[in-house]
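K.L.:
Structure in structure tokens, see below.
The values are calculated or read from the model by the stated rules, or taken from the named source; none is laboratory data. Values in this document were obtained by computation on a predicted structure and should not be read as measured data. Neighbour counts run over all protein chains shown; Cβ positions are idealised from the backbone, glycine included.
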Amino acid sequence: MTYFLVTAGSARMAGMTISPLTATTIGRGTVTVLVAVVGLMIGSFLNVVIYRVPRHLSVAQPRSFCPQCDTPLRSIDNVPLVSWLVLGGRCRQCRAPISVRYPLVELSTALVFAAVGWGLGPHWAVAGYCVLAATFVALVAVEADGLAPPLSAAAVGTGLATAVLVGAGAADRRWSHVIGVMVGAVFAAAVVAVSRRRRWRERTEPARWTDSTAALLPAGAALGWLGPAGVGEGLAAAAIVLLVARALEHRPSTTRRGKSVLALALAIGVTVAVVTAVARGTGAGL
Ligand SMILES: [Zn+2]
């Protein structure tokens, strides 16, 4: 819960800021280190989201506990990455192994945040893209578990990120970015809504607040900010990943038949589009 407050707090700060950070006040290296540390804490919160939200459990209560002996984790045993390493991947009380996935999610979130910080440079758009990246980490991890990604997490993450990006774009009058991110998010939401309505009519909708297309929301906002070129590159890359996944699925040796990879494909598509934009060198915040 603490971590969620950290996210909400920094986003609020971002939304209220009138002028964007400039290279003279804070450097690219500082931004990278700063967001990497924040990424570790957000990653810890994402572990809670990834496990609890698809199972309809509260992310606020109860606090994290050992699934073997039910002992609540003390704060000292809940430090991202460090605690897992110090405890040797085992519960302090019952010595039951703790999945390596927890530190992996924390580490990957920190690395993705660092990459966003380094790629976009000192600009409030970094905060928006970090929220989108965190949303993708959660959706991809839930999808990898074979569960449908929660629409609630996608909507909250995308809504927050869109607000931050609109503020970031308005602050330095990049109106094409502001319009792009809003159109992208709204268009993606419309696609998800239409697709859900169609499946509801066909009675193929399994559960109400989960949806295999949930990752379209953060993808819409992320690609919209980049503009038409980014949308084209991102969707093309995602389509290639989906085609490869489908080809692999039809091989008789595979046991992963029918598993959705849409969130992963869109995450890769957005990564390709952002990296391409960074390579074009359009400056801080792209
Ligand atoms: Zn235990």
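K.L.:
Go through the residues of segment 196-211 one by one and say whether even a single one is of a type in the set (Asp, Glu) and free of Cβ contacts under 8 Å to residues at least 60 places away in the same chain.
P.N.:
Taking every residue of segment 196-211 in turn, at least one turns out to be of a type in the set (Asp, Glu) and free of Cβ contacts under 8 Å to residues at least 60 places away in the same chain.
K.L.:
Among the residues of segment 51-79 satisfying the criterion of being under 25 Å from residue 147 (Cβ atoms) and among the charged types (D, E, K, R), which is nearest to the ligand (Cβ to nearest atom)?
P.N.:
Applying the filter and picking the extreme gives 70.
K.L.:
Tell me which helices (runs of 4 or more DSSP H) are completely within segment 1-107 and hold 3 or more residues being farther than 20 Å from residue 160 by Cα and modelled with pLDDT of 90 or more, or say none if there are none. First the steps, then the outcome.
P.N.:
Details: elements: 2-16, 28-52, 82-86.
Because the criterion is at least 3 residues that are farther than 20 Å from residue 160 by Cα and modelled with pLDDT of 90 or more, the helices (runs of 4 or more DSSP H) in segment 1-107 that meet it are 28-52, 82-86.
K.L.:
Turning to a different aspect of this structure: Here is a check on your reading of the model: is residue 119 crowded, with 22+ Cβ neighbours inside 10 Å and either among the charged types (D, E, K, R) or within 24 Å of residue 276 (Cα to Cα) (or both)?
P.N.:
no
K.L.:
Then there's this: If I go through segment 64-109 residue by residue, how many of them are in contact (Cβ under 8 Å) with a residue 40 or more places away in the chain and over 17 Å from residue 52 (Cα atoms)?
P.N.:
Residues flagged as in contact (Cβ under 8 Å) with a residue 40 or more places away in the chain and over 17 Å from residue 52 (Cα atoms) within segment 64-109 amount to 5.
K.L.:
Another one. Are any of the residues in segment 127-138 of a type outside the set (Phe, Trp, Tyr), farther than 17 Å from residue 218 by Cβ and crowded, with 19+ Cβ neighbours inside 10 Å?
P.N.:
no
K.L.:
What are the residues in segment 80-108 that are away from the ligand (no atom under 16 Å from the Cβ), of a type outside the set (A, V, I, L, M) and out of contact with any Leu (no Cβ under 6 Å at 6 or more places or on another chain), if any?
P.N.:
Listed by number, the residues that qualify are 101, 108.
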